[in-house]
Every structure is written in C-alpha cells, then in structure tokens.
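The values are calculated or read from the model by the stated rules, or taken from the named source; none is laboratory data. Being a predicted model, the structure only gives us computed values, none of them experimental. Cβ placement follows ideal geometry from the backbone for every residue including glycine, while neighbour counts extend to all protein chains displayed.
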Ligand SMILES: Nc1nc2c(ncn2[C@@H]2O[C@H](COP(=O)(O)OP(=O)(O)OP(=O)(O)O)[C@@H](O)[C@H]2O)c(=O)[nH]1
Ligand SMILES: [Mg+2]
C-alpha cells in the first residue's frame, strides 16, 4: 500500500511543481483574497485544463466558502473535491463469475497498453485473465496486443486483420468460459466518437457481451489521455451515451499535462476515474484516489 | 473540428449585430464571448489574452464605429488576426536529395500513421518515398509501419534485431539512398518532452543525420499543455513544422493557434482520418474559414478532382449523357468516394450542410457488397435482375432482398437524374450519391 502511494505521489510531483504549486502559493499567501487573486487563480485553473465553465464554478463555490469563514486553502480544496464523483473507484470484479472488462476510447489514448497493465495486475492478484485483441482494424493493432500478452504471460485471443471484432469477442467469451479463465479484458480499436459507424460497432460489441453473458460487462472503461483538452467532455458524452460507462482511465499522467479535465468529466457525467496510467511500463498503473489527488495539489 | 467555436462566435456576433451603433463597451462584450469560445476551444489562455488584446485594439478603432455592419467588421478583424497568427502556408522542403523528414512527438499523437500518409502523398506527387521504422519502443510499432508500407506499396527499412535507434535511423537512410528514394520519412517512438534521456536521443539523431525537416506531430484534441509540449520539443531539438492530427474529431483545435503563436512554427499538414489518404496540406485561409463557419468547397472540389482522372471523368460524363450508366460504374463511383476519404469529412466541407451531420458509411459498404455479388452481366444490364436473381444476390452478399430492391431503385433514380443533369458536367461533382 505504501509503495503504491509513494509512486502515486511521485507521479504527481510534476503537477505539484507546475501550475498547481503556484496556485497553492497564491491561496496560501497572506491577507484577504482580492480580485487580482481570483483572476490569477482563474488563469492557473484554466491552464490546468479545468475548462472555462468548471473554473467559474470552482471560483464561485470557493467564494461562498470563504464568506462562510473557511481559509482560502480549505475553500478551494472543498470546491475542487466537491466536483469529483462520489462513486466507488475499485474495479468491479467481485460478484461475477467471469467479469468482462471492455476498454474503449479515441485513437492513441493508451487502450492497448492499459489492457496489458490491468491484465498483469489481475494476474498478480491471483486471477486468470484472458485478453481479446479486439483491434483488428489498425495495422498491427492485434500484433501489439499479442506482444504484450507474451510479455506479461497472459493468453490473448487474436484474429487476422480485418476480422469482425464482434465475432472475435463472441469467440473470446466462449474461450474464456470453456478454458477456465476468470476475467476477460477486451481491447478495442481506437474510434473517433464522431464516427457513427464506429460507435454503432462498439454498441454492437457491448450487446454481444450482454447477450452471451446474460449480464452487462462488469466494467465499460473509457480511456482518456491526460493531455486532452475540452474535447474529452465530448468523448465522454458520446461514449457514455452509447455504452453507459462505468469508469474512466486517465493515461499519460506522467506527462507535463495537468489532467484537470478530470474535474469536469467527473462532475458532468458522474463516472469515476478508476485507474491512472503513469508511464509506458507495464507496472505504471495506479489507483486514482481523489482525496490524495486534491490533497497532493495542496500539500 | 472548429464547429462549436464558429457557432459560439456566431452567437457572439449576433449579439453585436443586434445593436445599431457599436460602442467600445459593445466590443468588450463581444470580445468576452470570443474569449470564452477560444478558451473552450483549448487555445492556451495566454494566447487568448494576447489575441483578444490585438483584436480589441483594432476593433475599438474608428473603422468599427464607422462601419455600417459592425458584426461583419469584427468578423473580418478576428479572421485577419487569426490568419496573421496562423501564418503563410509552408510546404515541406524537398530541395535536398534525398530529403530526410524526421517525425517526432508525444506517445499516441499519430506519427506512424502520419508517416504512411506523407509517403503516400509524395508517391502521388511522383517523388519516390521511403520509410524508416525507428520506433523500437512501442510493441509492434515496426510491424504497423511495415504493414502500412505494404498497403501503400512504398519501400521501408525495418528491423527487429536491434534496440539501437540511431543505428537504425542511419542504416534506414542509407537503405533509402540505395533505393534512390527522394523522400525518406523516419518514424520515431513517442516520447514526453520532459523525458531527458529520450529527448537526448533525438538530439543525437538530429545531429548525426541532419534531417531537412523535423516535424512535430501534434493531436488536435490537445489541451492547454500543447504549448509546453511544442515549446519543449522546439527548444530541445528544434522543429521545422507541425502536423496536426485527428482533425476529424470534433475538437475545436485551439491548440493550432497556440502552437503557432507560441513557437512560430508553421503547420504543414492536417490529418483528417485513419486512412492513408486522409492528409491535407495546411491551408490557413480554409482553416480560418472553417473556424468562422464558411464551409470549404475548395477542398472538396480539389479532392474530387484528384481522384477522378480526366479520362475516367470524360468516360463517365459520356455515359451519363447517354444514360448508359451501369451498376459497374456505380461501384466505381463508390470506390472513388472511398478513396477520397471518409464521407462525413467530405460532407462537412459542403457549405450549408449541418456540421454535425453523420453520414452512414456502412451504407456504402452495403451497396458495394450487393453489387459485388452480381454477375458482370447483371451489373451491365440491371434490368435482367428479377426475383430469383435478387434472391441469389441477397444470399451472396448477406443482405436482404429488400436491400437489393432498394439499391436497384436508387440506381434507377440516379440514372434518371443523370440524364437530366447531363450537360452539367461531372468534374468536382459526384452525382448519384449525394
Ligand atoms: N508516457 C505514457 N505513455 C503511455 C501511457 N499509456 C500509454 N502510453 C503510450 O501511448 C502510446 C499509445 O498507446 P496505445 O496503448 O497503443 O494506445 P491505443 O489507445 O491502444 O492506440 P490505438 O489502438 O492506436 O487507438 C504508446 O506509445 C504507449 O506506450 C502512459 O500512461 N504514459
Ligand atoms: Mg490499441
């Protein structure tokens, strides 16, 4: 537990030294906040990708809390924390014979890598996961998943390029059940949420899972790149609409981006970030803990 | 991509135009809306500040106050300023033999796809391209580029024997030379601009092979941090231009303004889809027109022209005139459209079309599969397709008889339409399907 926390803290260091550090310095400064102060805070939050509306909301809430006697630090701490989803952040793996985890997202966000990371984590926790290499579209998409499978010692169901991904998923579920796997992770091709045909395709894949298993996928996870700006909101909106997301995975948190889009994402769709990707290595996967996330910004 | 921004600006300007006379306070109000729109479009907040200041300086001048249509005047100022920020179009320099292009960028930005797209583009222009697979980091990245090279039929240097990137790049360029390639495109592994050792690797590569162009591949969906990324790459290795990818998303793409304003680096190409044809030259006027919601007929026409060779066009025109248009031609048309890139991206360029309209591309595939299940004779003389043939075609294509009927009806309608519009000519137009 300690190690996970340490790693997590370390990864956030960049965030802390960057814009949020300056932000904290400001709100910890002496005297009562004036308008310049709020303007500066606004800019700092904007630069962290919180987005215009959310920033306005945070500042409004913080003003109220300040009026009711909180310190600037408390006020902003609460204003930000209050935006995050109250839902649980553990992967839903219990209470299912063979949970299916479906990973979706736009192109290049880190789906395939994350599938490998999560599969390894499950394996290390004593489960017997199977991976379905559902990206039969992108050149070598399936090969990429297979290389990861070999690396982490997890079996991968793969088909030749161009194979119908829904059919592949169908077979993977059979294979999982017949061969005693107790978790199925499905990688999917990157799809732009603006392409109706591709969104229909992923809807179909989800329906096949439901039909085959008689139940919804245990997790339908939207993978979001932390460097994404306000478009992440559109992605979440459309994917959520099509698939009823159960969680988000924020990747590339090891980069210089602040990942502030999380605040808007969670407050708008009430879908919690369940995991964060902190690097390209297969162990660079951490739990997302909102308290620590926000606290780390203030400490 | 800029749809939402342009509609926001629309709203802002409508508010302005409702007033008879424009006062400095009105300008301020209008600009407030523009500021919000730009921020929501992911333009870096400092860039927004600077941009708004520049527009305001001009807008509050006499021109606007004297103008009869203040909203139009401001649109023009905003437009001119944006054009100014985006700069003049800059082609990829291909004046050295061979010309080495090094693609760099963050993980997942779209470098590998962009490499193949560039290769295809140069191939079409008759400049022999060659690819070098130097992403030795991401699993199967080499396989990916190899497969793309095969798809577009372009030479490639790819090896899985080593992890030595510099060595691979050098050998790859050598192989390209031996291949008499004019353009050698080097794909590299994605990396964070804050990753010291990986950035040093690029610095070294650049020093050793002196590429003619080092292009930063950047994602149109990027947020505020795009500025730091671009500055990071530019400061450490020096970039000559940007390829802006995933413009087929509905991201407003404000990063584009930021990249230019902060780094002064020209944007050379935009990626508009997953296919190897989905690459467009960056054209600031068109981008700004898009930002301001003016549609982009020119791009559409240009694309259509590129796909229809003159001969094919003449041939088809003749057929249209004589109404000899067969299902075979129908299928040819579909193939051309598919080559032209995604339908939705084409439709979006047509002014007056709803920006968020979705085109059902699966319908194209359906039509194609039905025609493919016909015999050549049936394709040429669709009139002979009666019940039993319909059943066979339906079974062969995995579609229903109703769908076959629908296609035949559609075909009849297009044929009639073509007869009517015969004299209108074909170039730049795709009759029958739109
Ligand atoms: N720095 C960093 N890189 C990451 C992280 N997660 C993934 N990547 C990298 O991002 C790139 C894209 O990752 P993929 O897993 O291939 O992304 P994808 O969503 O499967 O991509 P498509 O299938 O092409 O849509 C790869 O180079 C990964 O190594 C992360 O948390 N941090
Ligand atoms: Mg993938």
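Things worth noting here:
- Of all residues making up segment A:80-100, the number that are touching a helix residue (DSSP H, G or I) at 6+ places or on another chain (Cβ under 7 Å) and either crowded, with 21+ Cβ neighbours inside 10 Å or in a loop (DSSP other than H, G, I, E, B) (or both): 7
- Single residue of segment A:166-188 satisfying the filter (assigned to a helix (DSSP H, G or I) and within 14 Å of another protein chain (Cβ to nearest Cβ)) that is farthest from ligand 2 (Cβ to nearest atom): A:167
- Each residue in segment B:407-434 was checked for being surrounded by 16 or more Cβ atoms within 10 Å (Cβ to Cβ), modelled with pLDDT under 85 and closer than 19 Å to residue B:331 by Cα, and 8 of them qualify.
- Meets criteria (touching a residue at least 60 places away in the same chain (Cβ under 8 Å), within 14 Å of chain B (Cβ to nearest Cβ) and out of contact with any strand residue (DSSP E or B) (no Cβ under 9 Å at 6 or more places or on another chain)) for residue A:47: yes
- Residue that is nearest to the other protein chains (Cβ to nearest Cβ) [pool: residues in segment A:102-120 that are over 13 Å from residue A:250 (Cα atoms) and near ligand 1 (Cβ under 6 Å from one of its atoms)]: A:107
- Where residue A:230 falls short, out of the listed (1) within 15 Å of ligand 1 (Cβ to nearest atom); (2) crowded, with 23+ Cβ neighbours inside 10 Å; (3) at negative phi: (1)
- Some residue of segment B:258-267 being within 13 Å of chain A (Cβ to nearest Cβ), at pLDDT 95 or above and under 23 Å from residue A:46 (Cβ atoms): no
- Selected residue (criterion: nearest to the other protein chains (Cβ to nearest Cβ)) from residues of segment B:226-257 that are without any contact (Cβ under 8 Å) to a residue 60 or more places away in the chain and assigned to a strand (DSSP E or B): B:244
- When segment A:172-191 is limited to residues that are touching a helix residue (DSSP H, G or I) at 6+ places or on another chain (Cβ under 7 Å) and more than 14 Å from residue A:135 (Cα to Cα), the one that is nearest to ligand 1 (Cβ to nearest atom) turns out to be A:184.
- Residue under evaluation residue B:137, criteria (1) assigned to a loop (DSSP other than H, G, I, E, B); (2) over 25 Å from the mean Cα position of the chain (by Cα); (3) over 27 Å from residue A:138 (Cα atoms), criterion not met: (3)
- Scanning segment A:69-126 for residues that are on the phi > 0 side of the Ramachandran plot and within 19 Å of the chain's Cα centre (by Cα) turns up A:105, A:108, A:110.
- Positions within segment B:170-193 being loosely packed, with under 15 Cβ neighbours inside 10 Å and part of a loop (DSSP other than H, G, I, E, B), in sequence order: B:180
- Extreme residue, nearest to ligand 1 (Cβ to nearest atom), among residues of segment A:83-101 that are touching a strand residue (DSSP E or B) at 6+ places or on another chain (Cβ under 9 Å) and within 19 Å of residue A:170 (Cα to Cα): A:101
- Scanning segment A:195-207 for residues being in contact (Cβ under 8 Å) with a residue 24 or more places away in the chain and within 16 Å of ligand 1 (Cβ to nearest atom) gives a total of 4.
- Of the residues making up segment B:122-155, those that are more than 13 Å from chain A (Cβ to nearest Cβ) and surrounded by fewer than 20 Cβ atoms within 10 Å (Cβ to Cβ) are B:123, B:124, B:125, B:126, B:127, B:128, B:153, B:155.
- Meets criteria (within 21 Å of residue A:175 (Cα to Cα), within 16 Å of ligand 2 (Cβ to nearest atom) and in contact with a helix residue (DSSP H, G or I) (Cβ under 6 Å, 6 or more places away or on another chain)) for residue A:143: yes
- For residue B:167: the one exception among (1) surrounded by fewer than 24 Cβ atoms within 10 Å (Cβ to Cβ); (2) farther than 21 Å from residue B:204 by Cβ; (3) at pLDDT 95 or above: (2)
- Of the residues making up segment A:157-170, those that are within 27 Å of the chain's Cα centre (by Cα) and exposed (fewer than 15 other Cβ atoms within 10 Å of the Cβ) number 2.
- For segment A:271-299, filtering for residues that are modelled with pLDDT under 95 and farther than 25 Å from residue A:144 by Cα leaves 12.
- Residue within segment A:247-261 that is part of a helix (DSSP H, G or I) and either modelled with pLDDT of 95 or more or away from ligand 2 (no atom under 16 Å from the Cβ) (or both) present: yes
- Qualifying residue in segment A:208-227 (condition: in contact (Cβ under 8 Å) with a residue 40 or more places away in the chain, within 8 Å of chain B (Cβ to nearest Cβ) and not in a loop (DSSP other than H, G, I, E, B)): yes
- Residues (away from ligand 2 (no atom under 16 Å from the Cβ) and away from every other protein chain (no Cβ under 14 Å)) located in segment A:189-207: A:206, A:207
- Residue, nearest to ligand 1 (Cβ to nearest atom), within segment A:121-133, restricted to residues that are crowded, with 22+ Cβ neighbours inside 10 Å and more than 14 Å from every other protein chain (Cβ to nearest Cβ): A:132
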